[in-house]
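All of the numbers you see were taken from the coordinates with simple rules; none came from a lab. Source: prediction; values computed, not measured. Glycine gets a Cβ as well: all are built from the backbone with ideal geometry, and neighbour counts include every protein chain shown.
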Amino acid sequence: MAEKKFNGKLWVIATPIGNLGDFPPRAVEVLRESDSVYCEDTRVSGKLLKHYGIEKPLKVLNARREERTIGNVIEELKQGRAISLLCDAGTPAISDPGVRLVNECLKYGFEVSGVPGPNAAVYALSIAGIATDSFVFEGFLPQKKGRTKKLNELCNEKRTVVFYESVYRIPKLLTELENICPGRFVAVGRELTKKFEEIVRGYPAELKEYFSGSKQKGEFVIILAPLNWKT
């Protein structure tokens, strides 16, 4: 374990995945006491902070800028500052920027803590009615190279599989699943925690028909039930 050398602290704070009311009171308290707040998109995080009456300058740390922004965070921590890290939705470092920053902070001996909260994958699992005693989380699938290979691997996985997919690739994904594992039971979550929240369950062909021609928004959570699982 690295020896602590400074008094700075990094807070990793989970943010709502849709409903702003899901932001815990302790997260509001930590943000108000933070010296700096880093986020993926200042427009998105700005709405959250405004909703809770928090006035803090926002700095960008996203997937493209994480590596070159880490140095700035480390310098602030060396000055003993308290820094909060946000992502657009869900928990930072879980299929979102933050892993490299947290790793670097720990190597320097800074304290890293957080405020737990929303996570789309876990939330979808909790309301999908599919076995959760053992599951695999895959984040986002490859868009092109390696996609078919990865889907084949997931369809052969015996445990429950959870991953994210963009609204733009849902029709393609359901066609792929219909071709690769037509008999595997699937749940699709959309608009989670929002007004039109929906978990649709069925086999790939049924889901493909359900989502055909309809305009969707946001990111989807896909859950493949355990191999040979029946409702």
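Descriptive notes on the structure:
- Under the Karplus curve 6.51 cos²θ - 1.76 cosθ + 1.60, θ = phi - 60°, whole-Hz ³J(HN,Hα) for the range 143-155, x wherever Gly or Pro sits: 6, 10, 4, x, 5, 4, 4, 5, 5, 4, 4, 5, 6
- The phi-based Karplus calculation (6.51 cos²θ - 1.76 cosθ + 1.60; θ = phi - 60°) puts the 3J(HN,Hα) values of the range 157-167 at 6, 6, 7, 4, 10, 10, 8, 9, 8, 6, 4 Hz, whole numbers, x for Gly and Pro.
- Proximal charge balance of R159 [Cβ under 14 Å; K/R count +1, D/E count -1]: -2
- Close amide H contacts of V12 (hydrogens built in the peptide plane, cut-off under 5 Å, sequence separation of 5 or more or a different chain): L85, S113, G114, V115.
- Counting charges near L227 (Lys, Arg +1; Asp, Glu -1) among other residues having Cβ under 12 Å from its Cβ returns a value of +3.
- At most 11 other Cβ within 10 Å, DSSP loop - GluC sites (Glu not before Pro), the range 3-93: E3, E55
- Point-charge dipole on Cβ atoms (K/R +1, D/E -1) for the chain, about Cα centre, debye to 20: 420 debye
- Phi angles across the range 91-104 convert, under the Karplus curve 6.51 cos²θ - 1.76 cosθ + 1.60 with θ = phi - 60°, into 3J(HN,Hα) values of 9, x, 6, 9, 6, 8, x, x, 4, 5, 5, 4, 4, 5 Hz, Gly and Pro given as x.
- Using just its DSSP H runs of length 4 or more, each adding -39500 (n - 2.57), the chain gives a mean residue ellipticity at 222 nm of -10000 deg cm²/dmol after division by all residues.
- Each Lys or Arg adds one and each Asp or Glu takes one away; over the other residues whose Cβ falls under 12 Å from the Cβ of S45, this sums to +2.
- The DSSP beta bridges internal to the chain are antiparallel in roughly 45% of cases.
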